[in-house]
Amino acid sequence: NETEVAREHRPAKQTIERLNRSFKANYRPMGGFNSTSGSVNYVTLYSACHNFLMPHQSLNHQVPVALPAVQAVNKMPDKWLQLIQVAETQLPTT
């Protein structure tokens, strides 16, 4: 925080560092990926969980992106299924 720019962006940096710690804590038990597609799949699923399913303490134990259809479900496996169904309905038709 030695400069004005550093002081201004400190809250964003703290948020990003916290996300990185959470991501690393969940990744470590896996021991790595055998392919690029495996890592892309993991990041995609982690992002979905982080943004749509996992409550955050800093948000009073609410999810960042609350989808009513997903929030109406109680069990986590069912929340995943509901999130997939919501995503499928949002895909453009060809």
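Structure values in brief
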quantity	calculated
Residue tally, condition surrounded by 13 or more Cβ atoms within 10 Å (Cβ to Cβ), part of a helix (DSSP H, G or I) and hydrophobic (A, V, I, L, M, F, W, C), over the stretch 26-42	0
Flag for Phe23 being surrounded by 10 or more Cβ atoms within 10 Å (Cβ to Cβ) and not in a helix (DSSP H, G or I)	no
Lone unmet requirement of (1) aliphatic (A, V, I, L, M); (2) open to solvent by 80 Å² or more (accessible area, probe 1.4 Å); (3) under 15 Å from the mean Cα position of the chain (by Cα) for Val5	(3)
Positions within the stretch 49-81 being surrounded by 13 or more Cβ atoms within 10 Å (Cβ to Cβ), touching a residue at least 12 places away in the same chain (Cβ under 8 Å) and over 20 Å from Arg18 (Cβ atoms), in sequence order	Leu67, Val70, Lys79, Trp80
Residue count, the stretch 43-61 (criterion: under 21 Å from Leu83 (Cα atoms), of a type outside the set (Gly, Ala, Ser) and part of a helix (DSSP H, G or I))	10
Candidate set: the stretch 62-94, residues that are assigned to a loop (DSSP other than H, G, I, E, B) and over 15 Å from the mean Cα position of the chain (by Cα); chosen: the one modelled with the lowest pLDDT	Thr94
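The values are calculated or read from the model by the stated rules, or taken from the named source; none is laboratory data. Since the model is a prediction, treat every value here as computed from it, not as a measurement. FYI the Cβ positions are ideal-geometry reconstructions off the backbone, even for glycines, and counts take in every protein chain you see. Calculation scope for accessible area: heavy atoms of the full protein, side chains included, ligands and nucleic acids excluded. Shrake-Rupley method; radii C 1.70, N 1.55, O 1.52, S 1.80 Å.
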